[in-house]
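To keep things clear, I will list the structure first and then write my remarks on it.
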Amino acid sequence: MKKLFLFLLISEIIFAGICVWRNPDKDIKKLFPKATSYKSIIRRYNKEEKEKIEKLINKELDPDETEFTFYQIFMNKKRIGTVLTHTEKGQYGAIEVVIGLDSLNKVQKVLIQREREIKSEELRSEKFLNQFINKSFKDTIEINKTIKPIKGAEKASKAVAFSVKKMLIVYEILKEER
Amino acid sequence: MILLFLINFSYKIDGYFTLRYDKEIYLYGSEVNFRFIFGEDYDRLLIFLQIPFTSHFNHHFWQHYGDGYIHLKSPMGNLNLKIGRFDIPFSLLKYYDTHFLIFQPLYEDALGYKKNIGTTLFGYLKDFLFDINCSFKDKKLANPIFTLRFGLDKEKIKTGFSFLKEREKFISLDMNLIHLLFDFQSELIYSWDKKKGIFLTINFTPFWELETKFSYKYWEKENNFNLELAKDWEIFELRGALNYLLEKEIRPIIQLNFKI
């Protein structure tokens, strides 16, 4: 039993889960056709940064989000953009979203990596996802205000919109510097 | 002459532990994972170390050890080299996360092992994947095991053909298909000794974020059915299963996964 308590104690300081970017090579080519390499930067946040993020997204960070990974995209040695990833609960399971930012930190493209929604085709459609293009940290990204949801898939639409909004905020607050 | 070595370093720790009720309550397994990433280009070299306290760790503390490997990858991640101890890329083990699962796929029955010490070269070209693996069951590096897997990875379908050669030879066909709200996973394994195995599982979330899973497994004339319901509350996950081995009994299992 002592071992169990010791492990429980250790466990309080561990655990982190992030959205796994399953197929970087393929996605980078879709997001940045001229990319030649990428590298990932892992950023942890302090208490102040956490409060700022939570205030702006109007929601607490998930308990497993103890760190965020930003993917820097390069064309030869020139930085051409950034990729952010996020997982949010949809109507029928997790929706994994991949967000490509240009060098001005505006959304260049959004991809859905994995979902199990009934309106899958509509959710992955350019008609829906192109609504996020050129959005930045300062813009309002909200369903029924600036983003038209998919009829019958409101929860999934909201999950995608929230993922984009949240990750733009997280990236703006944490940036990349350690 | 001045030699300048620039080493950037980052690390991550995560883990879980699992309590299970199966006729009695016991600590079923736990795990701590350490991930070290080196280099100016952070992604190029990764060292992963996993310390699991698996299966009945109450009685066998520290007895088991898990993954420990070095992972080198090309700038775009399409060519990778992994050296150390890790899951062998055979059949569903290539992408099926067996953590937390009450009902495991066929590797347990067919191979009797999941992880080995060895090296694997893997990568992808457009939608095509390949894995070439050579591993050993023990530290003496005797009796090599060769594995080849060729796969196709499309948006909603993943499929692969695997070949494994040890003392016995195995071939396998695996598939993961996502259609509407259903996530369908399957594998067929056949050995040169004419052993046959089928594993099927359908996973979906009908309502209340309740993950529902129906599974069927056939191996060596034995049929096994499993119905599993899981609810994730972010800090912990509650998983209940009704396991039915044909002509035997229905076995209820309740599992609590803490993800602190």
Point to revise | Value of relative contact order over chain A, rounded to a whole percent, pairs C-alpha under 8 Å and six or more apart | key: 19
Revision key, fill the gap. Within the stretch A:65-121, DSSP-loop trypsin sites (Lys or Arg not before Pro) with at most 14 other C-beta atoms within 10 Å are A:LYS77
Check your understanding: Nearest 0.05, what FRET efficiency do B:PHE36 and B:LYS248 give at R0 = 35 Å with Cβ-Cβ as r?
Key -> 0.15
Revision key, fill the gap. Rounded to the nearest whole number, the Stokes-Einstein translational diffusion coefficient of the stretch A:16-174 at 10 °C and 1.306 mPa s (Kirkwood radius, C-alpha pairs) in µm²/s is 100
Check your understanding: Okay, helix-only estimate at 222 nm for chain A: each DSSP H run of n ≥ 4 adds -39500 (n - 2.57), divide by all residues, round to 500 deg cm²/dmol; what do you get?
Key -> -9500 deg cm²/dmol
Study note, to complete from the structure: Partner shielding of A:21-33, as the mean number of partner chain Cβ atoms within 10 Å, equals 3
Check your understanding: Going through the stretch B:190-260, which GluC sites (Glu not before Pro) have at most 16 other Cβ atoms within 10 Å and a DSSP loop state?
Key -> B:GLU209, B:GLU220, B:GLU234, B:GLU247, B:GLU249
Exercise for review: List the relative contact order of the stretch B:9-258 as a percent without decimals, with contacts defined as Cα pairs under 8 Å and 6+ residues apart.
Suggested key: 12
Practice item. Return one number: the angle in degrees, 0 to 90 and rounded to the nearest 10, between the long axis of the Cα atoms of helix A:154-174 and the longest principal axis of the Cα atoms of chain A. Key: 70
Check your understanding: If the cut-off is a Cα-Cα distance under 17 Å, which aspartates and glutamates reach B:LYS94, setting aside same-chain residues fewer than 8 apart in sequence?
Key -> B:ASP67, B:GLU108, B:ASP109, B:ASP127, B:ASP131, B:ASP153, B:GLU155, B:ASP174, B:ASP183, B:GLU187
Check your understanding: For the stretch B:139-203, what relative contact order do you get, as a whole percent, if you take Cα pairs closer than 8 Å and at least 6 residues apart?
Key -> 22
Practice item. Report, as an integer, the average count of C-beta atoms from other chains found within 10 Å of each Cβ along A:69-77. Key: 1
Practice item. With θ set to phi - 60°, apply the Karplus curve 6.51 cos²θ - 1.76 cosθ + 1.60 along the stretch B:154-168 and write out the HN-Hα couplings as whole Hz, x wherever there is a Gly or Pro. Key: 9, 3, 10, 9, 10, 8, x, 10, 10, 10, 10, 10, 10, 5, 10
Exercise for review: Find how many whole Å separate the alpha carbon centroid of the stretch B:146-181 from the alpha carbon centroid of the stretch A:115-129.
Suggested key: 27
Check your understanding: What does the helix-only formula give at 222 nm for chain B: each DSSP H stretch with n ≥ 4 adding -39500 (n - 2.57), the total divided by the residues, and the result rounded to the nearest 500 deg cm²/dmol?
Key -> 0 deg cm²/dmol
Check your understanding: Among the lysines, which fall within straight-line cross-link reach of A:LYS138, defined as a Cα-Cα distance under 16 Å, with same-chain neighbours fewer than 8 residues apart omitted?
Key -> A:LYS52, A:LYS55, A:LYS106, A:LYS165, A:LYS166, A:LYS175
**Study point:** Neighbour cut-off at most 14 other Cβ (10 Å), DSSP loop, GluC sites (Glu not before Pro), the stretch A:55-136
**Key:** A:GLU60
Point to revise | For A:SER163, B:SER91, order by how many other beta-carbon atoms lie within 10 Å, fewest first | key: A:SER163, B:SER91
Review point. When a footprinting reagent is the concern and you count Cβ atoms within 10 Å, what order do A:LEU61, A:LEU104 take, fewest first?
Key: A:LEU104, A:LEU61
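Where a number appears in this text, it was derived from the coordinates with a stated rule and is not lab data. Everything numeric in this text was worked out from a predicted model, so none of it was measured. Note: ideal-geometry Cβ built from the backbone for every residue, glycine included; neighbour counts use all protein chains shown.
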